[in-house]
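No lab work stands behind these numbers, since they all come straight from the coordinates. Given the structure is predicted, the values throughout are model-derived calculations rather than measurements. Note that we place each Cβ from the backbone using ideal geometry, even for glycine, and neighbour counts take in every protein chain shown.
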Amino acid sequence: MSLNNQSDSIKFFSNFLEETSLNDKPTGLQLEAFKPELFRKNVEVAISKLEKYLADDSIRGIDLTNPHELLAQAKDIMNAPSNQSGSGEQEKLAAILDLYLKTGIAVHSPGYMGRQFSGVIPLAGVMDLVNSTINQPSSFYEAAQLPNVVEEIMANELNQFIGWEPGTFGMVTTSGGSLGTLTALLAARNDRFPQLWSQGFSALEGQARPAIAVGDGHYSISRAVGILGIGEEQIVRLPLNDKQQICIEKVKPTLEAAAQKGLNVFAMVVSTGTTTMGAFDPLDQLADIAQEKNIWLHVDGCHGASLLVSDELRHKLKGIEKVDSFVWDAHKTMFLPGVCTLLFYKNKEKSYGAFHQDASYVFEKQQDVYTQFDRAKQNFECTKRPLIMNFWVTWSIYGRKLFADKLEYLCKLAQNAYGILEQEKDFQTVHDPEMNIVCFRYLPSNLDEKAFPEFQVMIRNRLKEEGNFFISKVNVDGKPCLRVVFMNHKIEMVHFQLLLREIRKIGQEILQKAAKL
C-alpha cells in the first residue's frame with residue numbers, strides 16, 4: 001500500500017468511527033491504564049530512580065533480606081489502597097521500584113564481582129523499554145519486521161570475526177545459552193539420526209546408543225541430554241588438563257573407549273570460557289578430531305565468544321570457523337539486558353534441522369519475500385522477544401570499540417588480580433586466568449583445612465551477608481574456591497585489594513569463633 005493510499009484509508013476509518021455511535025466502547029480503568037500521558041508519568045518515575053541508581057558508585061554487593069520479611073513488604077505495597085486519580089499510581093510505583101532496587105544485586109557497583117551477568121549498557125536498557133512497550137514477537141517477519149532484518153545484519157556483521165563464507169552460514173537469536181545449546185544438539189541429533197524425530201528411540205533398537213562427549217560443561221548440557229532422551233549415562237566425559245581445558249592428547253583414546261562400550265558419539269560440546277574458571281578448550285585441534293570422527297562440534301561460547309570482537313583477545317578462539325555450531329550470550333560479555341543469545345551454524349541448511357513442524361496458523365506453505373526472513377523454524381520460541389534490537393542499536397551507535405575496550409580492561413583486571421594473589425603468602429591461586437574470572441583460596445597459617453573443609457564457602461557466605469562485596473564460589477579439582485568475575489569497568493585494583501582485606505578479616509573471625517567453642 002502506498003503512503004498516500006494508507007493515509008487516505010486512515011482518514012476514512014477515523015471519520016467513520018466519529019460518525020458511528022457504538023455502545024461497546026471501553027470505559028473507566030480500562031481507558032485510564034492505557035493513557036499515553038500516564039505512560040510518560042510512570043516512565044519519569046522509573047527514570048528518576050534509575051538515574052540515581054546508576055550514579056551510585058559506592059561499594060556494595062547485595063542487601064540480603066529475610067525472604068519472609070520481603071514477602072510481607074511486597075504484600076503491603078500491593079494491598080495498599082490505590083488512588084486512581086492524581087499521583088497515587090506513581091507513588092505506589094515508586095515504592096515498588098525502591099524495594100526492587102534495594103533488594104537487587106548492585107551490578108553497577110565496584111563491589112559486585114560475583115556472576116557472569118553484568119550491569120547493562122544504559123542505552124540497551126532504554127531500547128529494552130521500547131521493545132517491551134511496542135511488543136513485537138520476532139519469530140515471524142510480519143510480526144516484527146525490523147528485528148528480523150536486523151538479525152540478518154548482525155549475523156553478517158559478526159561473521160567478519162568468524163570467517164565463514166557469506167551466505168553459507170546461519171544465525172538465530174534465542175532465549176539463553178541453555179536453550180541455544182539444546183537447540184544445536186537437537187539439530188546435531190536429527191542430522192545423525194533423522195528417524196528419531198518421528199519414530200523415537202525405538203527406531204535405533206539394536207544399534208549403538210547415541211552419546212555426547214563433554215569437557216567441563218555447564219550443567220545445562222546434562223539437562224539437554226536428559227531432554228533429548230540420550231540419558232546422562234551416555235555422556236562421555238573428556239579428561240581435563242591442569243588448566244581445566246580438555247586434554248587434547250586424551251580425546252581420541254576416550255572416544256575410542258566409548259565406541260568399544262557401544263556408544264555412538266554424534267556430538268562433542270566444548271567451551272570457550274568455562275563457567276567454572278573461564279578456561280578455553282583448544283578449538284583448532286578439537287575441530288580436526290571432530291571432523292575426522294564425523295562428530296558434530298558444538299561450542300559453548302556463552303561467556304567467551306565475545307572475545308572475537310577484540311583484536312587483542314580473538315586468538316583465544318582460533319579454529320572457531322571450523323566448528324559446526326556455537327552459542328554466544330550477548331547478555332553476558334556484551335553487557336546487554338538478559339537475555340540475548342546468538343546461535344550460529346556453519347551450515348545454514350542444518351540450522352533448520354532442529355525442528356520439524358506444520359502449523360497452518362503461522363507457517364506458510366508458499367514462501368515469499370517476507371517469509372524468507374521468518375526465524376520460527378530455527379528456534380524453539382513462537383513468541384520471542386526482539387532480542388537482537390538491544391544489541392543492534394548499541395552496536396550501531398557505539399560500534400565494536402566499546403565492547404572490545406571493556407572486555408580488554410576486564411581481562412587485564414583479572415591478570416592484575418592474579419599477580420597480586422601470587423604475591424600474598426596467605427592466598428593460593430588455582431589457575432592463571434584466561435579471561436575475566438579468577439579462582440583462589442584463602443589459606444592462612446592458622447587454618448586446619450581438615451577441620452574446616454567448607455572454610456572458603458563460609459567466607460563467601462559471610463561476605464554476601466555483610467553486603468559490601470558479592471562474589472561466588474566454585475569447586476576446582478574437588479576443592480572449594482572463592483571465585484571473582486570481573487564484569488564492571490568501575491572496578492579498580494584498589495577494590496580488589498579491599499576485597500582481600502575483607503576476606504582476611506572474615507576468615508580470622510570464623511577461626512577465632514571456632515577456637516572458643
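Structure data summary
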{"read-out": "Burial ranking of peptide ranges 136-144, 415-423 (average Cβ count within 10 Å, highest at the top)", "value": "136-144, 415-423"}
{"read-out": "Using θ = phi - 60° and Karplus 6.51 cos²θ - 1.76 cosθ + 1.60, couplings along segment 113-121 (whole Hz; Gly, Pro as x)", "value": "9, x, 10, 9, 9, 10, x, 7, 4"}
{"read-out": "Under 14 Å from K350, Cα to Cα: aspartates and glutamates that are on another chain or at least 8 residues apart", "value": "D191, D324"}
{"read-out": "Residues N461 and K52, FRET efficiency given R0 of 41 Å [Cβ-Cβ distance, rounded to 0.05]", "value": "0.85"}
{"read-out": "Calculated log₁₀ intensity ratio I(q)/I(0) where the Debye formula runs over C-alpha points of segment 130-398, q = 0.08 Å⁻¹", "value": "-0.32"}
{"read-out": "DSSP-assigned coil residues among trypsin sites (Lys or Arg not before Pro) in segment 412-517, each with at most 15 further Cβ atoms within 10 Å", "value": "K425, K450, K490, K516"}
{"read-out": "Distance violations [Cα-Cα > 21 Å] among K346/K412; K243/K318; K52/K473; K332/K377", "value": "K346/K412; K52/K473; K332/K377"}
{"read-out": "Linear extension gain, T168 paired with A95, 0.36 nm per residue minus alpha-carbon span", "value": "21.1 nm"}
{"read-out": "Convex hull volume per residue in cubic angstrom - Cα atoms of segment 449-517", "value": "91 Å³"}
{"read-out": "Under 10 Å, Cβ to Cβ, from E502 - net charge with Lys/Arg +1 and Asp/Glu -1", "value": "+3"}
{"read-out": "Cβ charges +1 (Lys, Arg) and -1 (Asp, Glu), total dipole of the chain, debye", "value": "1100 debye"}
{"read-out": "Among A305, S7, G215 - extreme Cα towards positive end, dipole of the chain, charges at beta-carbon", "value": "G215"}
{"read-out": "Read-out semi-axes √(5λ) of the Cα gyration tensor in Å, derived from the coordinates shown; its label in (1) 47, 28, 21; (2) 41, 36, 21; (3) 44, 23, 22", "value": "(2)"}
{"read-out": "Loop sites in segment 310-378: GluC sites (Glu not before Pro), DSSP, at most 16 other Cβ within 10 Å", "value": "E312, E364"}
{"read-out": "Spatially proximal lysines relative to K261 (Cα-Cα < 25 Å; intrachain offsets below 8 disregarded)", "value": "K250, K252, K293"}
{"read-out": "Selected from M435, I227, I153, residue furthest toward positive end of dipole (the chain; charges at beta carbon)", "value": "M435"}
{"read-out": "Pairwise FRET efficiency - D432 versus E249, Cβ, R0 = 25 Å, nearest 0.05", "value": "0.80"}
